[in-house]
Structure formats: C-alpha cells, structure tokens
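The values are calculated or read from the model by the stated rules, or taken from the named source; none is laboratory data. On a predicted model such as this, the values are computed, not experimentally measured, just so you know. Counting neighbours? That spans all protein chains shown, and the Cβs are built from the backbone with ideal geometry, glycine included.
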Amino acid sequence: MTEKLHVDDAELRELLHLVSHDLRNPLAAIVTNLEFARRLVVEEEVDQDLRESVEDSVVACDVLKRVVANFDVLAKGRDVNPTLGEMSVAIVVQDVARRCRERAEQASLSIEVDDGGVTSQAMLDKSLFSLALENLIANSIQHAPRGSAVSISVAEDDTAIVVSVGDAGKAVPPDHREAAVAPKSHTPKGRLGPTRYGRGLSLLSARAAASLTGVGMELAGEDGAFVMKLVIPIGSHTTSG
C-alpha cells in the first residue's frame, strides 16, 4: 500500500460527510460544558477576563456549528433530503437573527430586523433555510464596518417572499457575483482576485443550503449598501398566514 491514494468526487463527498459527523459529538460536548461554565460565571463573582473568555468561547462554538453544518451540506450536495414543513418566514427570520446577535455585538455591530408585517407561511426545510440565512448574516458580520448595523428585512409581493440581509461594507462587484456562489471560484485557481466572497465559504454555503429547500439567492447593491437576498417563490411554496 505504497501507491498514492486516489479518491474520486463521490467518495470524497462521503468522506467529508463522515468528517462532519465525527465533529458533531465532541463539539456538542464542548458546547454543553461551556453553557454550564457560562451559568457559573454569571452566578458567581469571577474575574471579568475569565467571564469574557467563556463568552468568546461560546460564540466561537456557534461559528463552528455553522461551519460543520456547511461542511455537511457541501459534502452531501444533492443527496440531502429536505424535510419540508409549513412555517412563518418572519418568525424563522427573527429566531435566526436572535441567535446571531451575540456574535454581532462581539464584532461591535447591531442587528436590526424589519419583518414588514409579512404573515405568510412557506413550505421550507427549516434547518436548511435557517442555515442559509445565518450564513448571509455571518457574511455581513465579517464585512460590515465596526459600529454599523446589519439590517434584515422581510418583504412580499405577488411573486415571492424576499428576505434581505444588508450592510454598509464593500459589495461583491457585479461581474463577480456569479462566481461568488460557484464552487470553482472558491479554489485558489478559480478565484477572481481579492474580493468580498474570497474570504470563507459563507456565500457559497448559503446558496447550497437555500437551493436544497427551493429558495433562490441574489446579490445586489453597491459599496456601502450591499444586499444579499433569499427569494421564496409564491405559488407552489407559500400560503397566506
């Protein structure tokens, strides 16, 4: 067994899925222990630096959970079987935003949500849609200027429910937007040069998760007003609230 190991694409995807599975249990144990430690440092008089260290570790684990989920979605690809259920888009958006607020505050940012009074229900895989939205928020947190806000809005017209995530950071240039959500463009050989999408896989992972639950993704705007959208088609997908 001295020859170079060859792994084809299908085998590689399966191996990556197994790696993500292997990471989940130890990560879950770390999260459980950190939450216990977090309660203790709140209840007891402890050193402020220790308290901040625990809080930072909890936020870091939240990021790792998203990375592992992305790993799984990218590895399994079309083999993912979405579990569709009827849900309020606005409520899901509020829930994901709430989970991301601590991460935003750590980066000296705020998160502002406007649900637009939208009450429509959508048939979605909640975990996949939430993962897509969380990735967009994470991208904004990474690129928004410190002290600014990440804005999240929900709007509805005759064709779709649109969830938008915006920030005041630099935009992905219009001629790079297709590349920003294409796998090849995230490799060293395929990258189009320094741009917002080149740091991490949040945009690619958002597109992958969204597409698996029948949701489109769009990039729009300009420097200082960049917007990422999740587009839920009305008709086959949604019902009035």
Extreme residue, surrounded by the most Cβ atoms within 10 Å (Cβ to Cβ), among residues of segment 112-156 that are closer than 24 Å to Val63 by Cα and among the hydroxyl-bearing types (Ser, Thr, Tyr): Ser140
Check on Ala90, under 17 Å from the mean Cα position of the chain (by Cα), in contact (Cβ under 8 Å) with a residue 40 or more places away in the chain and over 20 Å from Ser202 (Cβ atoms): yes
Residue satisfying condition, being exposed (fewer than 14 other Cβ atoms within 10 Å of the Cβ), within 27 Å of Val181 (Cα to Cα), in the same structural domain as Leu27 (by TED's automatic domain parsing) and touching a residue at least 40 places away in the same chain (Cβ under 8 Å), within set Val63, Val68, Val73: Val63
Segment 107-137, residues that are among the hydrophobic types (A, V, I, L, M, F, W, C) and either part of a strand (DSSP E or B) or modelled with pLDDT under 95 (or both): Ala107, Ile111, Val113, Val118, Ala122, Met123, Leu124
Subset of segment 185-226 (residues that are modelled with pLDDT under 90, over 16 Å from Ala144 (Cβ atoms) and not β-branched (Val, Ile, Thr)): Ser185, His186, Pro188, Lys189, Gly190, Arg191, Leu192, Gly193, Pro194, Gly198, Leu201
Candidates Gly147, Gly169, filtered to the one that is in contact with a His (Cβ under 7 Å, 6 or more places away or on another chain) and not hydroxyl-bearing (Ser, Thr, Tyr): Gly169
